[in-house]
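To start, the structure under review is shown below, and the notes come after it.
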Amino acid sequence: MMTKFYNAAKEAAAGVADDDKDALSKNDEMKQVATTFLSLVCPELIEVLNQHPDGISSSDRLVKVGRNIVATLRYGSFQDESVASQDQSLETLASECAALANLLGNNDSSKFKVPKVRFGKTELQMPILTMGCMRFQQTWNRGGRTVDNIDQVDADCQDNLVHILRHAVHCGVTHIENAKAYGCSEIQMGAALKTLFESGQAKREDLIIQTKGGISSTMTPQGLKAQVNESLTKLQLDYVDLFSLHGMNDEDHYKWVFENEKKDNNLIDAIDELKAEGKIRHLGFSTHAPAPVISKFLNTDAFAYVNMHYHFGGSYTASGDGMYGGNLENVRLCHEKDMGLFIISPFDKGGRLYAPSNKLRSLTLPEFEPITYGSIWLWQHGQFDAQQAPIHTIVCGAARPSDLDQPVLASLLLSNPETAQKRAIVSDRLQAAMNETLGEEWVRTWHVGLPNCYDSKYGTQHGNLVWLNNVIKAFGLVDFGKDRYGPWESFLSKWDRTKTKEENIKAMGPGFSWMSGCGVDPTMDYSFDLVHCPEENRERLKEALLFTYQMCSKAASTANPNTIRPTEYETAYDMRPWTAFPERS
């Protein structure tokens, strides 16, 4: 039996102690593991990295390879997985490394560019991978350090962004998505774009630049226009190709845009003026709304595209909604209306795929790593969906250049006919895990009649809470669940049952609509919220709510600090070699 890759990995990781729980966070050790492994199976990548002008990114890439190797060997040993199976997973890694060497070492061939597709009625030729702009900035400008101009940005932070942008353009990732709400991101992007334009490394006409702006109950059309002009000034641009109304998350946002009591104060009028002035070319919206609210916005026919959550494991804040328990109906509605469809956060809100659980990773390997599978699942959606509804682009919020590598390499697999076959194999395996863990009838009906926070008595976000129960049990996504649960726990602590639901939601402030709803009160019997659910599901739904509370809440963790969770629920690896700049401020 040939076990070339397993043997290389064992040799590379020989110096890493099996009982060292912190080994994967020791970057120098991981780089040494990677260097030894690559010298045996992919020396061309070492040569390319040694010659690459961005030495920090070369180091990051070695750290990621090392973490992958050690995670594969450790969980394989724990599971008593066959050497042949581990060898297949490591061969997948070696293939990625060889492809990365080709990508980084090639200066101009279109063979190594991200594919483009028609972005709905905008008629733009959109790269299927977008560069997101909320992970690289110096600060969020939300307390603490504030940045008002480029001179206040640290040189290493701005240099990192320039390297990200150069790598994106090199790979054909020519859609840049920003927002006013992303702290000093627009300021830094404006300076970075100027650097690339002046050096001849990019041309304005070759890029699709998008930004987003929020609205409020008091915003006037003049105020919205001023906001867009401010964004253009920061970006150092005359126009943006795409402008999105940011966070159209509830019924109030709909009214502010379309149904203002002062008929001459509807914000949509400002958009028409900005279009006429040539400052924006296409209007869209981004959303964390319940699925029915998203449908309401889509059905206005006022928008050419939408930024929306929809992933193989769920639909984030819309999980539990609609006929299918998420945003599938809205994906199909976009197809019906020929709208461009942009998927938000597939690698974070889509399951924390950059730091997946051992169980999820074991289900996607040996065919794909989770990021690769999550990307391909979306890009081939039209091929597998009953109504052939396509996904046009997905975003990678890059904190460092190497964050773009895996999704870029995934996009290059689409030209291989075997990729669709592998996607189907992994999809079947994930579905089988869901069915075996939860039962086919439950998987089919868990969301039926289940209210979200706007329809439940005390703002409980039932659909999302039960969805987390499902993906934790089937895929081991506990850390993902904890990230999601935090805001709900905070909102629950502030909920006053002597006040109406409307009064409570108003008191929570604008942040409520972004991750809306309350967590679980373990002392409460929620039967009153489950009256429209199938009778045979009701007791199990209450058990699911309690399970999510026990696995994800800080309160339960504090009460039971010594709880040991299954190894399959633990994080396999974390593909973030260092703390991103905005998380430091």
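Before moving on, here are some points about what is shown:
- Residues whose placed amide H lies under 5 Å from that of residue 178, excluding near-sequence neighbours: 210, 211, 212
- Karplus-derived HN-Hα couplings along region 326-333 (A = 6.51, B = -1.76, C = 1.60, θ = phi - 60°), whole Hz, x at Gly and Pro: x, 9, 4, 4, 6, 4, 5, 5
- A cut-off of 5 Å between modelled amide H atoms, ignoring neighbours fewer than 5 places along the same chain, links residue 114 with 172, 173.
- Protection proxy ranking of 24-34, 166-176, by the mean of other Cβ atoms within 10 Å over each peptide's residues and highest first, is 166-176, 24-34.
- Peptides 191-198, 454-461, 62-69, 438-445 ordered by average Cβ neighbours within 10 Å, highest first: 62-69, 454-461, 191-198, 438-445
- Protection proxy ranking of 210-216, 300-306 - average other beta-carbon atoms within 10 Å, highest first: 210-216, 300-306
- Residue pairs, from the table 180/225; 194/279; 296/494; 111/422; 121/279; 111/212, whose Cα atoms sit over 24 Å apart: 296/494; 111/212
- Solution diffusion estimate, µm²/s, Stokes-Einstein, region 45-193, Kirkwood Rh from C-alpha pairs, 4 °C, viscosity 1.567 mPa s: 71 µm²/s
- The eigenvalues of the Cα gyration tensor, multiplied by 5 and square-rooted, give region 86-151 an equivalent ellipsoid with semi-axes of 33, 23, 14 Å from largest to smallest.
- Neighbour net charge for residue 302 - beta-carbon separation under 13 angstrom, K R +1, D E -1: 0
- Convex hull of Cα atoms in region 201-325, direction-averaged projection (nm²): 9.2 nm²
- Entry for Cα extents along the principal axes in Å (calculated from the structure that is shown) out of [x] 103, 57, 56; [y] 72, 62, 47; [z] 127, 72, 54: [y]
- Of the residues 141, 526, 362, the one whose Cα sits farthest toward the positive end of the charge dipole of the chain, with +1 on the Cβ of Lys and Arg and -1 on the Cβ of Asp and Glu, is 141.
- Built amide H within the under 5 Å cut-off of residue 130, gap 5+: 394, 395, 396
- The residues of the chain present an accessible area of 41 Å² per residue when probed at 1.4 Å with all protein chains retained.
- Bridging of residue 4 to lysines at a Cα separation below 22 Å is possible for 31, 64, once same-chain residues fewer than 8 apart are set aside.
- Accessible surface of the chain, 1.4 Å probe: 48 percent of it comes from carbon and sulfur atoms.
- Distance from the Cα centroid of region 249-319 to that of region 60-121 is 37 Å (rounded to whole angstrom).
- Share antiparallel - DSSP beta bridges, the chain, percent rounded to 5: 15 percent
- Principal axis dimensions, largest first and in whole angstrom, of region 345-449 by Cα: 43, 30, 29
The values are calculated or read from the model by the stated rules, or taken from the named source; none is laboratory data. Since we're looking at a predicted model, the values are computed, not measured. Here Cβ is always computed from backbone atoms with ideal geometry, including for glycine, and neighbour counts include all displayed protein chains. For accessibility, only protein heavy atoms count, side chains too; no ligands or nucleic acids. Shrake-Rupley method; radii C 1.70, N 1.55, O 1.52, S 1.80 Å.
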